[in-house]
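Written out below as structure tokens is the structure these notes cover.
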Amino acid sequence: MVMLLGVFKQALMITVFVFVMMLLVDFIDMASKGRMSGIIKGGQWRQYTLASFLGSTPGCLGAFMNVSLYVHGMISFGAIVGGMIATSGDEAFVMLAQFPGTALALFVLLFVFGIVFAWISDRMIQMTGITPCESCFDAVCEECLPGTGIQEKISDIFRPANLIENYKSLSFTRFLLLMLIVSFLVLITTGTLGPLTWDWKRITFISLSLGTLCIITICSEHYLESHIWDHIIKKHLFRVFLWSFGALLFVHWGLAFWNLDAFIHDHMLWVLLIGALIGIIPESGPHLIFVMMYAQGLIPFSVLFTTSFVQDGHGMLPLLSYSLKDSVLIKIFNLVFGLAVGATFFSLGL
């Protein structure tokens, strides 16, 4: 019972942190919307760099934007491959919460390798004569992709005048979210969740939560319902909690009853291969098992890197609707590249 309570509290803390970070990332995405497409339509290296940068931002928004640019023919096949290499999905938020220093180093590596393998991928499809799908270009408008919704001016979404209007007609959704964030702040401040002492982690959690509280307080009703409730909470948060709880439980029970530590130590190459194969799944969640095992010191960095390299959260899901062929090609490229680099790191003792 004590173990279950501890796992529940840790999963809850991770889930709320993911929510806070996803909301802040969505805010930045909304603030820059309309500018990124113009910037990215330049030379190939500009495409590679910006697609990898978008992919390396935590969450699925950067990956969704890359898909939008790709289906409109604004970036090349290599650029979308590099963007998916750099993408770590919702697990990026969890890694930042669990081991921030290593997570940032991992993101930088994925960003660099995304650029390199974007160039290699474009050269390979030219040499092999592989032709990516062209029928999907301009098939949909950007507003129809997941995570975008109806476009609003940033000045209309977040303006001080909204504060009075929001409290005159306080919706149940806004009230619920405000209570959840305030409760989280109280639990973090008192040490019930998160670090037991006042350190940089607790201060960061509190600062980010206060920023989230401000956004929820003054944002428009449409942004609250469409972006925060319908997209972030309904489509992401419950699944993040279940996978976090399940992965933590798997690791704890594995250590306690299955002698998981010895099995992993004796079959590390198989664990690396399994991590890469699980990365093929276009879904956030399964990768969390490897994140938690790394946090517990059960697997080396090379295994975490390999599964992070191959997997892209659910960033690939929008592309599956428009081109199954391209989705499969991207996954094949990422699997081969990820195994090659991951095995090299493993042989070097990383």
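I need a count of the residues in segment 297-350 that are of a type in the set (S, T, N, Q) and over 21 Å from the mean Cα position of the chain (by Cα). I'd like the intermediate steps shown before the answer.
Looking only at segment 297-350, we keep the residues that are of a type in the set (S, T, N, Q), and these are 302, 306-308, 311, 321, 323, 327, 334, 344, 347.
Now restrict to residues that are over 21 Å from the mean Cα position of the chain (by Cα): 323, 344, 347.
Residues flagged as of a type in the set (S, T, N, Q) and over 21 Å from the mean Cα position of the chain (by Cα) within segment 297-350 amount to 3.
So if I check each of ILE278, ILE332, which one is touching a Pro at 6+ places or on another chain (Cβ under 7 Å), surrounded by fewer than 23 Cβ atoms within 10 Å (Cβ to Cβ) and either at pLDDT 85 or above or among the aliphatic types (A, V, I, L, M) (or both)?
Details: ILE332 fails: touching a Pro at 6+ places or on another chain (Cβ under 7 Å).
When all the criteria are applied, what remains is ILE278.
Determine, yes or no, whether LEU255 is assigned to a helix (DSSP H, G or I), over 17 Å from ASP90 (Cβ atoms) and at pLDDT below 65. So LEU255 fits the description; yes.
Listed here are the residues, each with its yes/no results for (1) loosely packed, with under 15 Cβ neighbours inside 10 Å; (2) of a type outside the set (S, T, N, Q); (3) modelled with pLDDT under 80.
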residue	(1), (2), (3)
ILE181	no, yes, no
THR190	yes, no, no
ASP199	yes, yes, yes
ILE206	no, yes, no
SER220	no, no, yes
HIS227	no, yes, yes
LYS234	yes, yes, yes
LEU237	no, yes, yes
LEU249	no, yes, yes
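Are any residues in segment 182-222 part of a helix (DSSP H, G or I), in contact with a Leu (Cβ under 8 Å, 6 or more places away or on another chain) and touching a residue at least 40 places away in the same chain (Cβ under 8 Å), and if so, which ones? PHE184, LEU208, SER209, GLY211, THR212, ILE215, ILE216, THR217, ILE218 - these are the residues of segment 182-222 that are part of a helix (DSSP H, G or I), in contact with a Leu (Cβ under 8 Å, 6 or more places away or on another chain) and touching a residue at least 40 places away in the same chain (Cβ under 8 Å). For segment 68-111, the candidate set comprises residues that are outside any helix (DSSP H, G or I), at pLDDT 80 or above and among the small types (Gly, Ala, Ser); within that set, the residue that is surrounded by the most Cβ atoms within 10 Å (Cβ to Cβ) is SER88.
The values are calculated or read from the model by the stated rules, or taken from the named source; none is laboratory data. Given the structure is predicted, the values throughout are model-derived calculations rather than measurements. In this analysis, Cβ positions are derived from the backbone assuming ideal geometry, glycine residues included, and neighbour counts consider all displayed protein chains.
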